[in-house]
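Reading through the structure tokens given below for one structure.
Read the figures in this text as sums done on the coordinates, not as results from a lab. Bear in mind the structure is a predicted one, so any value in this text is a computation, not a measurement. Because the Cβ atoms are built from the backbone with ideal geometry, glycine has one as well, and the counts that use them run over all protein chains shown.
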Amino acid sequence: MDNLRDSRDGEHVRVAIVDDSTFFRYQLRTRLTARGWRVVASLASGEEALSQVPLINPDLVMMDVIMPGMGGMAAVRELRKTWTGTIFMMSAHTEQGVRATWGAIDAGADDFLAKPDVDRTLDDMVDQLMARFHPRVPSRPKLAPASRTAPDLRSRGLRALVIGASTGGPKALSYLFETLEGTPQIPILIVQHMPGGFTRSFAERLGDLLGSPVVEAPPDGTPVALSGAPIVVAAGGKHLRVSASSCWCEAGERRHGVIPSVDVTLLDAVKVFGGNLGVLILTGMGEDGAEGSLKAHQQGATVVVESPDSALVWGMPGAAAGVGAADAVWPLAEIAAWVQGVMR
């Protein structure tokens with residue numbers, strides 16, 4: 001994806017919209033243009049996307065999941081045979097839409113956005129896009145001082161693991177859980193920036209890939225006991241709080257513009273587990289998780305961040321590494337081997 005331009009060089013982000021609704025395409029185009037982005041294609045079908053996207057080569061394709069004819073999942077699968085740019089799916093909050101979204105991620109989409117419904121407006125969707133997409137620069141950022149190979153990096157003996165992710169996280173976490181084997185011996189708490197209504201199915205998806213239960217923290221605040229070493233996904237739109245005995249969802253203010261926030265969960269977890277905490281920061285835009293990772297590192301916890309070699313966006317992991325919190329900066333394949341050790 002090195003063909004993407006950095007918006008800081010003065011060029012507008014170039015977007016292709018793929019949706020069968022003419023009205024929706026017009027409304028989305030209007031809002032993106034008002035934000036300074038440039039819509040270079042407005043396409044009505046997956047078939048049009050296949051013929052036009054490789055020629056136009058936009059910075060970002062925003063593609064509807066459910067369309068007549070060739071749907072979004074099939075279009076992504078075909079596009080990925082020739083085109084490696086960034087694709088965000090646009091998903092309706094329906095059972096069919098959610099199921100098709102995960103299929104599109106499997107087919108090669110990088111992330112998704114929830115389409116407007118009774119609880120979220122088109123402006124909300126565009127706000128989320130602005131918060132989660134940033135063009136990648138052609139050159140790799142310099143890594144902060146951290147070990148790329150740390151054979152003695154602790155994985156055994158930890159009492160809990162917190163994983164934070166944002167843009168590209170659904171794909172990265174799916175890969176991670178598909179490669180793991182067995183059941184965890186410690187709680188694993190996952191904070192993925194994701195809208196409400198999608199996290200339950202996302203937890204189920206991770207559980208299917210792992211072959212072991214993964215649960216969404218109940219949005220109503222019902223606590224999940226940590227004594228059974230659960231794998232828990234924070235509910236969309238709620239913070240995941242942690243005590244010595246349980247974790248639970250809680251309403252609150254956005255932190256770094258997002259909810260759930262990795263920092264909220266990490267700052268709780270550091271107080272509970274101290275140096276016996278493991279922290280993993282995966283791909284994502286912004287700096288959520290950097291403060292909590294630094295606190296954890298200062299308490300002797302083990303902090304691993306994803307390297308730019310595999311991260312779709314080296315924002316969150318780069319921020320954690322940049323403040324000196326990282327004990328290791330690894331690509332996803334090496335991270336998977338480390339997490340396997342943590343689970344034992």
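Take the Cβ atoms of Ala337 and Arg99, set R0 to 41 Å, and the FRET efficiency comes out at 0.85. Taking the Cα centre of the chain as origin and assigning +1 to Lys and Arg Cβ atoms and -1 to Asp and Glu Cβ atoms, the resulting dipole is close to 500 debye.
For the chain, the Cα gyration tensor yields ellipsoid semi-axes of 33, 22, 18 Å (square root of five times each eigenvalue, largest first, whole Å). Annotation for Val215 and Arg156: the two label points, set 7 Å from Cα along the Cα-Cβ direction, are 2.9 nm apart. Among the trypsin sites (Lys or Arg not before Pro) in region 54-99, those located in a DSSP loop and surrounded by at most 11 other Cβ atoms within 10 Å of their own Cβ are Lys81.
Between the listed residues Leu79, Leu60, Ser42, the Cα displaced farthest toward the positive end of the dipole of region 35-104, a dipole computed from Cβ unit charges relative to the Cα centre, is found at Leu60. P(r) tail for region 273-335: Cα pairs beyond 15 Å make up 39% of the total.
A helix-only calculation puts the chain at -10500 deg cm²/dmol for mean residue ellipticity at 222 nm, using -39500 (n - 2.57) for each DSSP H run of at least four residues, averaged over all residues. Along the positive direction of the dipole of region 160-343 (beta-carbon charges: Lys, Arg +1; Asp, Glu -1; about the Cα centre), which of Pro213, Thr283, Val339 reaches farthest? Value: Pro213. Take the Cβ atoms of Ser201 and Thr82, set R0 to 25 Å, and the FRET efficiency comes out at 0.25. Electrostatic bookkeeping for Gln185 treats Lys and Arg as +1 and Asp and Glu as -1; over the other residues with beta carbon under 14 Å from its beta carbon, the sum is +2. Histogrammed with a bin width of 5 Å, the alpha carbon distances of region 7-132 distribute as 2, 12, 23, 27, 21, 11, 4, 1, 0 percent, first bin at zero. Taking Lys and Arg as +1 and Asp and Glu as -1, the other residues whose beta-carbon sits under 9 Å from that of Ala92 total -1.
Per-peptide packing, taken as the mean over residues of other Cβ atoms within 10 Å, places 313-320, 170-177, 113-120 in the sequence 313-320, 170-177, 113-120 from highest down.
Note on Asp123 and Asp309: with the Förster distance fixed at 45 Å, the Cβ-Cβ geometry gives a FRET efficiency of about 0.80.
In a DSSP loop and with at most 13 other Cβ atoms within 10 Å, the GluC sites (Glu not before Pro) in region 224-301 are Glu253. Can you list the residues of region 57-94 with backbone N under 17 Å from a point 7 Å past the Cα of Thr22, pointing along Cα to Cβ? Hits in region 57-94 for Thr22 at 17 Å: 68. The modelled label-to-label distance for the pair Tyr175/Asn57, using points 7 Å beyond Cα in the direction of Cβ, is 2.4 nm. Evaluated at q = 0.12, 0.16 Å⁻¹, the base-10 log of the normalised Debye intensity for region 160-343, with identical point scatterers placed on the Cα atoms, takes the values -0.46, -0.87.
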